[in-house]
Structure formats: structure tokens, C-alpha cells
1. What is the number of the single condition among (1) closer than 19 Å to Ser282 by Cα; (2) more than 28 Å from the chain's Cα centre (by Cα); (3) of a type in the set (A, V, I, L, M, F, W, C) that Ala336 does not meet?
2. Among the numbered criteria (1) of a type outside the set (Lys, Arg); (2) farther than 17 Å from Ala72 by Cα; (3) modelled with pLDDT of 95 or more, which single criterion is violated by Leu262?
3. Which one is modelled with the lowest pLDDT among residues in segment 67-89 that are of a type in the set (Gly, Ala, Ser) and surrounded by fewer than 19 Cβ atoms within 10 Å (Cβ to Cβ)?
4. Determine, yes or no, whether Ala336 is buried (at least 19 other Cβ atoms within 10 Å of the Cβ), in a helix (DSSP H, G or I), at pLDDT 95 or above and of a type in the set (Gly, Ala, Ser).
5. Can you name every residue in segment 74-99 that is of a type in the set (A, V, I, L, M) and assigned to a strand (DSSP E or B)?
6. Of everything in segment 1-56, what is modelled with pLDDT of 70 or more and under 13 Å from the mean Cα position of the chain (by Cα)? Give them in sequence order.
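The values are calculated or read from the model by the stated rules, or taken from the named source; none is laboratory data. Quantities reported herein were computed from a predicted structural model and do not represent experimental measurements. Every residue, glycine among them, receives a Cβ derived from its backbone with ideal geometry; neighbour counts consider all protein chains shown.
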Amino acid sequence: MIRQFRFILTLLAFAGAALVSEGTCLAGGVSVVRDAEVEQLLRDYVTPIFQAAGIRSSAAKIILVGDKSFNAFVADGQKIFVNVGALIDAKTPNEIIGVLAHESGHIAGGHLVRQHQELARAQIMSVAGMLMSAGALYGSSRTNSGIGSDTAGVAGVMLGPQELVRRSLLSYQRVEEQAADRAAVTYLTAAHQSASGLLETLKRFQNDSLFRASTMDPYLLTHPLPSERLSNLETIAKASPYFDAKDPPALQARHDMMRAKLVAFLYDAGEVARRYPNSNVSLAARYARAIIAYRFGQVNEALAQIDALIKTQPGNPYFHELKGQALLEAARASAAVPELQKAVAGAPNGTPIRVMLGHALVARGGDMSEAIRVLENATQRDSDSAEAYQYLAMAYSAKGLTAQAQLASAQSFFASGEYVEARTQADRAQKIFKTGTPGWLKADDILNYRPPKD
């Protein structure tokens, strides 16, 4: 199940650490993609890296960003954001594992915490520099008349300290990027992984930057030049006894399936046909064509193709998920439920599948007890799922549980960042709940929450 949501992320300058080369920036709002199959594969990729880096898997989280450029970065504590474009463009698992190892280097190295400290230090330096400049300006106003005053020189004095602070911060960030590169090689070696994928990514950045390298000021970059990063890493990467290690065929097959799925859900039919023509009979290509048939309303054709996939791999939970999704969106909720139940059984950690099963149970109608059980489980696993709370509110309402329905609605709005609407629903719920009960307290938390200012 591919789902896209709007996710508002506010980052201070220099608050994030990224693998990408120059020119990539993050807007105020980014689209977050949820998919159980992709999320599980990335967890499998990063688990041995986290173990090597000493990062607790339960504390870190990988978030998919609906951007088609090749990018990954760390922000907001221990969250690794990976663009879907990186997953689509990376031909092997090892390339993405190298990216995740680099970002793990930022987390394990405490770079975000130190960047905040460095930013605070820089702000002090900037203020001090401005005061010194103001003193110089005051002195010039006392010693010079208005005739022949060097106003350009005064402006230069005013701008100088800020520019020095800026370059100091950038220099600090470049050092951290090099440290994360070296840490990545260490983790990859400890996990018996090759660093060749990381080198391949840096070569991609080098090729992308060649046409503008002559215009770059190396002192104004957040990252070292790709050529510099490559030369620094190649020797230690190739010294690893695992440099020539290849991805296991089964892992490569899962990677190919992931790429086909993302392309099929995020690109138009023409692009999918170009990448996966009918002459391509691989499982990944058949997967992509089944998704395209479903996306463009060819329900019967899609179901026939999905059934053929299931016949090839009966135990693949994501084929059952896709069939359940196609049936659900064709208003055949009752038929979707057993398919989604099989998918949940095969992928118990796939929270997005549980949410879809809850949706199907609500859409099927009748007694809402199972829907409430499934959706409560989903929200316990992922308290940021606005969709899960939305369907839970509907299930509670159908069951006549008004206070619970209003609280779930408030939690859905809250997870979506719609805080005014969340407080409205929380206020209604709190007036029904008995004071001091768990529901009353959850509503009170929402009522008292104040979002951080930009």
C-alpha cells in the first residue's frame, strides 16, 4: 500500500545532516510516503548497520519522502529521511545500505546535537562581531564628517563578521560529512558489507556536479566536493576484506520489487511501460504492470495479474495486500478483508497494512469490534498515523462511543498537524470523559499542546 501524506517539517539552518551533494534543500512541507513492504526492506537493510554503530533500532526511524531526487538526511533526533528517488535510482541494495550507513554515522557521532551547539556558538560570535562593527561605525561617525565618508567600508565592516561565521559553520559541517563517510565504511565492514555502493553514490554526485564544479566556491559548500570525498574514501573502502562482497540474490530480488512498486505507484503509465515493457517477464515487471492496471481502473485485469503473482509466490504478503487494496477501492470491502488478513499475518510489523484492514472492516459495516481492535493496535504501533485514527473514529462512532470517537478524531487532526481542529475535537471529548480518566488526560494533552514556532 503506497500512501502519501503531507508532513510539515521545520528545520533550522544547519540542523540537518545529509549525504547529498550541493544544491538540495528542504521546503517547509514534504510529502511522506507510507508502505509496509518498503519500510520492512529498509529496516532489514539498516539493522546490521545500527548494530555496528551502537544505535538502538527502537529509537531510530526511517521515513520515506515523496521526492524523486537522490537524497537522504538526518533530522529531528534519530530520524533518517530517505527520498523515494534514491530508492528508485539505486540499482543494488548495497547502494542504499551505504547511504544508510552514512546517515547512521551522523546519528552515532552526535552531529545534530553538536551542530545545534555550533549554531548557538556562531550566533554568539555573530552578535559579538556585530557589536564590534557597530563600535567601528560609531567611531567613524565621530571622526569623519559627512563629506567623503567611507560608507562602503562601513558596510563591509558590518557584513564581515556574519560572513566569517557563515564560513565557519560550513567548514564545521564539511568536517562532519567526512567523519560520517569514514564511519560508514567502518560500520559496513563490521556488518560484512561492501563499501562499493557508497563509492558508487559518490561517483553519481561527482558526475552530477562536474558541469558546475568550476563555479563552486569550496568554502561555501555544506559538503566536501564529491571528488574530494571519493579520494578520501577509496583507499580505506577498498582495504576492507568485504569490498568485493555481493548482495544476496534474494535481497536483490526484494530490492528490484521495491523499485518496481515505487515506479508503478509514483510515475505515469507511459513511464512504467518504458521501464517495464511487456517483453520483460520478470516478477518485478509483472508487479509493476499489475499496479498500473489497478491504478488506472482496470480492476478485473489487475486482479487477474495479481492472482498470477500470488500463484507464483503464495506466501508473499504484499501481493495479498495489493489485491486487498484493489478490492477495497473497487467498493468490494467484504472481499478485501480476507486478503488483508492474510497480508497482516504474513507481515505482522506492517502497520500500514493493519490500517488498511481496519479501513476495510469499517467499510464492510456490521459489528465494529474487530475494526476497533485492529485500529487500536495500529495506533499503538504508530501514534503518528492520522489515517488510523480517522478510521478508528468512524468505528467508535458506529459503535455509539461518542467520546472515544471525538478523541480519535482529535488525534487524527493532531497527527496531521491541524492543531486548531484537534483542540476543537479534544474539547468536545473531554467534556464527556470523566475527569482524570485516560481519555480525559489524552484530550487534555492535546488541548495544552502548543506547536513550536518557526
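1. With (1) closer than 19 Å to Ser282 by Cα; (2) more than 28 Å from the chain's Cα centre (by Cα); (3) of a type in the set (A, V, I, L, M, F, W, C) applied to Ala336, the lone miss is (1).
2. With (1) of a type outside the set (Lys, Arg); (2) farther than 17 Å from Ala72 by Cα; (3) modelled with pLDDT of 95 or more applied to Leu262, the lone miss is (2).
3. We begin by selecting, within segment 67-89, every residue of a type in the set (Gly, Ala, Ser); these are 69, 72, 75, 77, 85-86.
Applying the additional criterion that residues be surrounded by fewer than 19 Cβ atoms within 10 Å (Cβ to Cβ) yields 69, 77, 85.
Values: Ser69: 91, Gly77: 71, Gly85: 95.
Across segment 67-89, the extreme among qualifying residues is Gly77.
4. Numbers: buried (at least 19 other Cβ atoms within 10 Å of the Cβ): yes; in a helix (DSSP H, G or I): yes; at pLDDT 95 or above: yes; of a type in the set (Gly, Ala, Ser): yes.
Here the answer is yes, as Ala336 does meet what is asked.
5. From segment 74-99, those of a type in the set (A, V, I, L, M) are 74-75, 80, 82, 84, 86-88, 90, 96-97, 99; that's our starting set.
Val74, Ala75, Ile80, Val82, listed by residue number.
6. Ser31, Val32, Val33, Arg34, Asp35, Val38, Glu39, Leu42, Arg43
A quick yes/no check of all residues on (1) outside any helix (DSSP H, G or I); (2) farther than 29 Å from Ser58 by Cβ; (3) at pLDDT below 95:
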position: Arg373; (1), (2), (3): no, no, no
position: Thr379; (1), (2), (3): no, no, no
position: Ser383; (1), (2), (3): yes, no, yes
position: Ala405; (1), (2), (3): no, yes, no
position: Gly417; (1), (2), (3): yes, no, yes
position: Gln425; (1), (2), (3): no, yes, no
position: Arg428; (1), (2), (3): no, yes, no
position: Asp445; (1), (2), (3): no, no, no
position: Pro452; (1), (2), (3): yes, no, yes
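A quick yes/no check of all residues on (1) among the polar types (S, T, N, Q); (2) out of contact with any His (no Cβ under 9 Å at 6 or more places or on another chain); (3) not in a loop (DSSP other than H, G, I, E, B):
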position	(1), (2), (3)
Ser240	yes, yes, no
Asp244	no, yes, no
Ala253	no, yes, yes
Ala260	no, yes, yes
Phe265	no, yes, yes
Ala293	no, yes, yes
Gly297	no, yes, no
Ile306	no, no, yes
Gly315	no, yes, no
